[in-house]
Amino acid sequence: MSTAVEIIKALVSPANKLIDSVTAAIGKAYQPRHVRKMAEAKAHEIELVSKAMRENADVPIVYAKGEISVSTTDFDEFVKRAQSRLAFQELQKQQNIESVADKAYEILTEVSECSSEPVSQDWITRFFNSVEDISNEFMQSIWANILAGEVIRPKTYSLRTLEILKNISQDEAELFERVAPLACTLHGDVFFTSNMEILNKFGVYYDDILILDECGLINSDGMISLNPEISSTDPIIIHNNTYLLKVRGAKEKNKISFGVFAFTKVGKELYSILHINSDDKYISDFADEVEKNNSGNVLITLHKINANNNDKIDYDESILKTIPVKQSV
């Protein structure tokens, strides 16, 4: 890449790129919350429309000759009420879109640079068609993180992810957020143990797994296992957002195996936007399980992660725990 191209790429402002993308999608100039002056007026307008709808909720219905029809006498008033309802719905949709955009803008003001590649017009259109009916603040925050991530690096989140997330309820999203701290990563796979005894200790039950499977976020088939190759000199790295396991082989080269519930592609994309801090108790129990299932073949050490940037993990070489404890590194 030439120096000139690198300079241009570095000058791309994530926040400005978001403004351009939102403007193209909603058909008007988007302004972030801190420069808008009409927010209170819009809220008042929605309140007035809503009040008018409540006060005129009766629909003139006539039943004659076995058919139901609208009374022509009150037809003009009926049309007005229909227009008021549609106006209210459109105002609410616009408010939802701008609320998500505002949250994404706030995220991107903390980001120094991003890819100069534009966000796909098809993607951004599908995105705003999905969020226009999302009024829950918790869910809006999730959507805002997805929008910010796509602005930073286009093609990060698939259209399938948008479609699945659109149909996920707040309770289901909160369940995923509760399970996510148990997730570990190995060579791009994201998973947690399929040992239900361990999961139950951390408040996760098989019914929870089934719900997340129905949502398209986790594969509930408990027969899935990972079988990485390890050696005594070249350990594999299993990690979450906070801790890291170095898994060495007791022999020169051999394979180990452990059962998992694996995240789907959509589950992995959703997991990537969550800011999860995992305690050492779960990953320690998971390490014990791996050692137990591969007794005599592995030696595992637990370490604290200092920083994890784009899969470049900086971790403390100090050993928090050695598994099995009777041996030493």
Inset, instruction - Mind giving me the FRET efficiency for Glu252 and Ser220? R0 is 30 Å, r the Cβ-Cβ distance, nearest 0.05 is fine. - result: 0.25
Legend entry - Furthest towards positive pole of dipole, Asn277, Leu299, Leu186, structure part segment 176-323, Cβ charges: Leu299
Inset, instruction - Quick one: which residues, 5 or more positions from Val190 or on another chain, have an amide H under 5 Å from its amide H? H modelled 1.01 Å from N in the peptide plane, none for Pro or chain starts. - result: Phe263
Inset, instruction - Using only the C-alpha atoms of segment 123-206, find the volume of their convex hull and express it per residue in Å³. - result: 115
Legend entry - Electrostatic dipole magnitude of segment 262-306 [Cβ: Lys, Arg +1; Asp, Glu -1; Cα centre; debye, to 20]: 200
Legend entry - Gln94-Glu117 FRET efficiency (beta carbon distance; Förster radius 25 Å; 0.05 resolution): 0.35
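At a Förster distance of 30 Å, what's the computed FRET efficiency of Ser141 paired with Glu197, Cβ-Cβ distance as r, to 0.05? Present the calculation step by step, with values, prior to reporting the outcome.
Numbers: r = 34 Å, r/R0 = 1.12.
In this case the efficiency is close to 0.35.
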Legend entry - More than 25 Å apart - percent of Cα-Cα pairs taken over segment 153-285: 27
Legend entry - Relative contact order (percent, whole number), segment 176-323, Cα cutoff 8 Å, 6+ residue spacing: 25
Legend entry - Label point distance in nm, Asn129-Ser158, each placed 7 Å from Cα along Cα→Cβ: 1.8
Legend entry - For segment 225-235, Karplus couplings with θ = phi - 60° (6.51, -1.76, 1.60), whole Hz, Gly/Pro x: 9, 9, 9, x, 8, 10, 9, 6, 10, 10, x
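Rounded to the nearest 20 Debye, what is the dipole magnitude of segment 176-323 about its Cα centre when Lys and Arg each give +1 and Asp and Glu each give -1 at the C-beta? The partial results should precede the final answer.
Values: 14 positive and 22 negative charges, 79 e Å.
Around 380 debye, computed over segment 176-323.
State which entries of Lys17/Lys166; Lys251/Lys281; Lys201/Lys292; Lys268/Lys321 exceed 22 angstrom in Cα-Cα distance in the structure shown. Working shown, then result.
On the way: Lys17/Lys166 24 Å; Lys251/Lys281 28 Å; Lys201/Lys292 18 Å; Lys268/Lys321 28 Å.
From the list (Lys17/Lys166; Lys251/Lys281; Lys201/Lys292; Lys268/Lys321), the Cα-Cα distance tops 22 Å for Lys17/Lys166; Lys251/Lys281; Lys268/Lys321.
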Legend entry - Two-site label geometry, Thr23 and His275: point separation in nm, points 7 Å out along Cα→Cβ: 2.9
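Here, each number is a calculation from the coordinates, and none is a lab measurement. Because the structure is a prediction, the values reported are computed rather than measured. In this analysis, Cβ positions are derived from the backbone assuming ideal geometry, glycine residues included, and neighbour counts consider all displayed protein chains.
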